[in-house]
Every structure is written in C-alpha cells, then in structure tokens.
Amino acid sequence: MAELTALESLIEMGFPRGRAEKALALTGNQGIEAAMDWLMEHEDDPDVDEPLATPLGHVLGREPTASEQGPGSTAGEGKPTLSEEERQEQTKRMLELMAQKQREREEREEREALERERQRRKQGQELSAARQRLQEDEMRRAAEERRREKAEELAARQRVREKIERDKAERAKKYGGSVGSRPSPPTEPGAVPSSPSQEPPTKREYDQCRIQVRLPDGTSLTQTFRAREQLAAVRLYVELHRGEEPGGDQDPVQLLSGFPRRAFSEADMERPLQELGLVPSAVLIVAKKCPS
C-alpha cells in the first residue's frame with residue numbers, strides 16, 4: 001500500500017502547508033513525528049507562519065529522483081495513488097499519533113506546573129519562617145531593652161534613696177540629734193566652752209532634690225527634682241497633681257517653707273532649688289494665693 005508523504009500527512013491532519021514545510025525543513029526531514037513535535041512546541045510562536053529565508057535540505061513535496069525511488073523504478077513513473085480508504089486509514093494513524101503527542105505534552109506541562117508550585121510553596125514557607133525568626137529576634141531584643149531600662153531605673157532610685165539616707169545620717173551626726181534631748185555637761189569655773197568644730201564642714205554637691213509638698217486638705221505629694229531645676233517646676237507639678245476643688249477653676253498656689261517660715265515670691269520661682277536652700281530635701285506647704 002502506497003503511503004502519503006510526510007508533507008501530505010501533515011496537511012491532511014489540518015496543518016497549513018507553509019507551517020508543515022517549515023517544520024519538516026527545520027527538523028532535517030527526520031520524519032513526521034519530529035515535525036509534529038516541532039509544530040506543537042512552536043504553535044504559539046509569533047513567527048511560526050513566516051517562511052524561511054533560505055530553503056533547508058531538499059525541496060519539500062518534489063517528485064523523488066530515480067535513485068531515491070529505488071531499484072526497478074523509473075524517473076518518469078508517477079507516484080502511486082492512494083485509495084480513499086487507505087488515505088483515511090493513514091490519516092487516522094497520524095491523528096492518533098498527534099493525539100498521543102498532545103497528551104505527552106500536556107502531561108509534561110502538568111508535571112512542570114506541579115514542580116513550579118512545589119518550589120513556590122517551599123520558597124513561601126522559607127520566607128515565612130525567616131520573617132517569623134526576624135519578628136522573634138525583634139521581640140527578644142525589645143524585651144531585653146525593657147529589662148535593662150527597668151534595671152537602670154531601679155538602680156537610679158536605689159542610689160537616690162541611699163544618698164538621702166546618708167544625708168540624714170550625716171546631719172544627725174553633725175547636729176547630735178534633737179535640741180534638749182541630752183543635758184549639757186557641767187562646765188568648770190573659768191573654762192571656755194569648746195567650739196563644736198574648728199574645721200568647716202565639707203560642702204557636698206547634690207544632683208537631685210526630694211521635695212515633699214503638703215496640700216491644704218492634709219494630703220501630701222512627694223517628687224524628686226533636679227537640683228538645678230527652678231522652683232516654678234515644683235509649683236507646676238503641684239498644680240497638675242493636686243485634687244480638684246469644688247466651685248470651678250483652680251486658684252493659683254503659694255509655696256511656703258515650714259522652717260524657717262518663708263513665702264516664695266514670683267522672683268523666687270525662677271531661681272534653682274539648690275540656690276533656695278531646698279537641696280537635698282525639703283518640705284513645702286501650699287497655701288491659696290489670693291488673686292490680685
């Protein structure tokens with residue numbers, strides 16, 4: 001039974017003649033399967049229907065020469081004609097082959113798509129794990145920073161308490177306790193009372209000042225200020241933290257010192273606490289300031 005040429009078979013299967021000739025030429029006339037593979041791989045190429053610049057190989061679709069026809073054939077002998085049944089059978093085989101190639105291509109593309117999806121999920125999981133590790137590191141550093149700040153704050157408060165206690169002990173040692181707590185020793189006639197100390201006490205510099213403020217309602221506020229802060233900072237603190245009084249707006253306050261009795265003026269508000277003698281600690285009294 002005579003068979004169709006590769007070019008005729010591709011045309012029978014519905015491929016355009018130009019595209020079929022190009023596929024056979026570019027695959028080196030290795031057969032219809034190679035041409036079909038090329039056609040299915042390049043069917044979406046924008047230049048698939050453009051003709052070749054120069055023909056490759058022998059001219060497609062020409063009559064075979066006597067040497068190509070084999071022994072017993074003549075150059076002028078015509079090509080055997082296929083019956084309709086033979087043509088349909090051969091076309092059927094080619095279509096089955098084409099369907100098989102299409103299935104193989106789809107399976108390959110499906111495997112490649114599954115592999116790409118697997119790689120995408122793997123990369124997503126790795127990125128999510130890296131982001132989670134980064135967040136955990138940031139939370140751990142933030143917690144360590146909070147613990148360090150809290151430890152420094154506690155240490156600073158402890159140092160202030162220790163300085164206050166040392167100051168109290170030094171003042172008690174200097175003045176020997178409260179007045180009248182101990183009887184004075186008898187003096188001999190003609191003896192000159194000795195002075196407490198011939199050397200002046202060493203003046204210490206304090207960085208902070210602990211102020212206790214007594215409010216008119218009997219409550220008190222205690223706050224630590226810097227020694228160089230103005231007295232106005234103490235007044236502002238009192239005005240912000242004293243309780244609400246009935247009857248509307250709050251009246252301005254007047255700050256008094258308990259001992260020695262002293263009322264601080266507006267000029268004093270701009271003076272530092274250490275200059276007013278309120279360092280390292282002092283007790284102030286709040287009295288209502290009559291509006292002028």
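None of the figures in this text is laboratory data; all of them are computed from the coordinates on show. Quantities reported herein were computed from a predicted structural model and do not represent experimental measurements. Positions of Cβ are generated from backbone atoms using ideal geometry, with glycine treated the same way; all protein chains shown enter the neighbour counts.
Placing R0 at 35 angstrom, the Cβ-Cβ distance between Met269 and Tyr175 gives a FRET efficiency of 0.70 after rounding to 0.05.
At full extension, Ala155 and Arg111 could sit 9.3 nm farther apart than now, given 0.36 nm per residue minus the alpha carbon distance. Once you reduce segment 115-149 and segment 31-45 to the center of their Cα atoms, the two points are 48 Å from each other.
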